[in-house]
Every structure is written in structure tokens, then in C-alpha cells.
Amino acid sequence: MTVDEPPSRLIHDARNTAVWPIRPEHFITPANAFFTRSHGTIPRIDPATWRLEVDGLVDRPASFSLEELLRRFPRREVTATLVCAGLRRAELLSAGPLPGELPWGPEPASTGRWAGIALGDVLLAVGVSERARYVELTGLDEVEREDARFGFGGSIDLAKALGPEVLLAHELEGDALPTVHGFPLRTVVPGWIGARSVKWLGRITLSAEPSANYFQSRAYRLQREADPRNPRDVSAGVALTEVPLNAVIIEPAAGRVVAAGRVRVRGWAMGSGGRPLRQVELSADDGHRWMAAHLTSRGPDWTWGFWEAVLDLEPGERTLVVRATDTAGRVQPATVAETWNVKGYNNNAWHRVTVQVE
Ligand code: MTE
């Protein structure tokens, strides 16, 4: 596919959309092409009456208006890539069933320039009790699960919450957040799965335990084997935190016909937890021989980097494979048999794209 072709929108409903292909020249994703994933309603909130409640294990529980938050706390910015834990789930279907889960391909990942205030600044202002270990974030949307209606939420470790990169964001690309991305205020938790970047934030609760919210205790958990009595239950799994190291081929797209000879291959990669990359490698023979790709835009911490390589391809059906390593020394599993899990999260097996070379 040439990048001049109009992008297509995948899994397109009002709540779940991703534009594909991601354009390798868009290190920052244009706001109108930023993927979106919402589990419930998309609330329209009046910023004049909206309030943020901060409670739980704090010295001074507080309730802030938007105007107060933006006036009282210093403005902070972060450029961060948001990656949905469902990224590349569809590939896992070849290793086992994933009933009821959205079959995302490599689309739900985007990079934004976010601005707002630091979550840590707000926590220091209200005073964190010594017993607090987790920061629960709850949205003002309504989700229905197991006969209950509640706001989407989850928790992050207090140590992460105090990092200067974790924002309560009010802006994306210099404009107020679009409604679908969480207006008037959302968390942005760089390096962690997208689900912890809670949109339409209404409440922050400090606690000694992780959140009991469905999306922390019953979903977004990694469980390798299904419980035969309750095959979709992952409550015994491990709660997801940092995104894993990943690498994706953007072009050529799967199924394309390309001319034999020198073929330019481009894509993105990001280190585990948003750490920098060490190396990206490409193979045209299913991983027997590898060549190093060139990192064209490495980006700061918390973002993807773009890479490119030129491969010499002979006619026939060819499977291109990419893998990366990061500065934490992480490597990617070779196959989806190693990454399959009950709800299909965090697939970071080597990404393979089969093309027809003529
Ligand atoms: N926050 C609320 N309140 N409700 C949601 O459904 N979805 C989460 C997260 N925050 C969600 C939410 C998930 S699963 C992802 S991947 C990101 O938001 C997507 O953010 P975006 O729609 O701005 O791309």
C-alpha cells in the first residue's frame, strides 16, 4: 500500500475506532486519527459543573473544579504513545479462541502530545497517607457488566502515580480533549496499558489495595490457561501494568502485491513500559537470517520509534518478520503460541506480514 491511499477505519463504531495504516510520517498521530476504545457510554460533561473528587487514604479529601485545578497546579506536558492491551489480538486466534473480545489487529496505538497537570502534584497537595499503595481512577461513563452499572476504572501503583510523566490531561495536540478521548480531564499513564489512562475522570481514591473495579479485578489480567469451569474468567490472572516491548510492520500491508527487488519496509516499535529501543531487526525467511532496521525517529521516552529497512525480495509469497529489543534487555517471543492468554492481551510475538512478490 502506498501511504497516499486514504486510510481506512477499522472496527468502526462510535466507541471503538482505529485508522489503518498508521502513517510512518506521523510520529505524532493527528487528533482526528487517534484510535479510540470505550467500554460504555461516552458522557458529555459540562466543564462548568464538573468536579474531581479526591478521597480515600489522604490527609485532606478534596473536590476540585476544572478551573481550580488548572489555576492551582503547574502546567505539564508529555508526549506519549497510548497502546491498547488488545493490540494484535486477532493474531492470537490462530492459537486458541477468544470469544467476545474485539479482534484488533495492529491498529490501536497512537501518539499524542498531552497537556494538563501532574497527578503527583494533586496527590502531594491533598497529602498521601503512609498506608496508601494504589491510586484508583474512576470515570464518569457508565458501563454495564454482571448486572451492575458503574464507571470504568482501575488503579496504578502509587510509585508510578507520583512520576512526573503521569498527567491529568485536559489537552491533546494543543486543543481541549475531544469528547471521545475523555473531556474534560483524563489520566495519561505513559508506558502502561491504555486501560489505565482513565477518561472522563471523576474520582481519585487512594487505597492500600488495588481497585476492585471490574476492569482491574476481572479484566485486563493476564491468565495463560482458561479455567474449564469458567473459561472467560481471568480474576486469577495477573493485573496488567506496563506495556510489553512490541514491534509492528506498517508497510507493506498484509496481502499486498509488491515488485521484486528492493522493497522498503516500515513500521513502529516501542520498548517495554515505554523505554527506549536498542535494536529493531527484519527477516524475510521466517527468522533464520536477520538484518538491522534503521531507526528513523526514535522519540523521547514514553513513545514509539519508527524504523525502516530495505529488503531484497525474490518473487513468490514472502513472510516478513520484525522483532525488537529494548534497553531493559527484553526480547519478543517468536510465536503467538507463547503469548496467547484467555482474553488476548499484550500480544507481542514477532509480527509477521505475508506479501506476494512479483
Ligand atoms: N476510560 C473510561 N472512562 N472508559 C473507557 O472505556 N477505555 C480505556 C481507556 N480509558 C476507557 C477509558 C481503554 S481500554 C483504552 S485502550 C484507552 O482509554 C483508549 O483511549 P482513547 O479512546 O483516548 O484512545
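What follows draws every value from the coordinates through simple rules; no lab data is involved. Worth saying up front: this structure is predicted, and the values here are computed from it rather than measured. Note that each Cβ is placed from the backbone with ideal geometry, even for glycine, and that neighbours are counted across all protein chains shown.
Points to keep in mind about this one:
- Long-range tail of P(r) for region 135-294 (Cα pairs > 27 Å, %): 44
- Peptide packing for 270-278, 29-37 was compared via the average number of neighbouring C-beta atoms within 10 Å per residue; ordered from the highest value, the list is 270-278, 29-37.
- With the convex hull drawn around the C-alpha atoms of the chain, the volume per residue stands at 134 Å³.
- Packing, as the average of other Cβ atoms within 10 Å across residues, places the peptides 289-302, 335-348 in the order 335-348, 289-302, highest first.
- Theoretical ellipticity at 222 nm over the chain - DSSP helices of four or more residues, -39500 (n - 2.57) apiece, nearest 500: -1500 deg cm²/dmol
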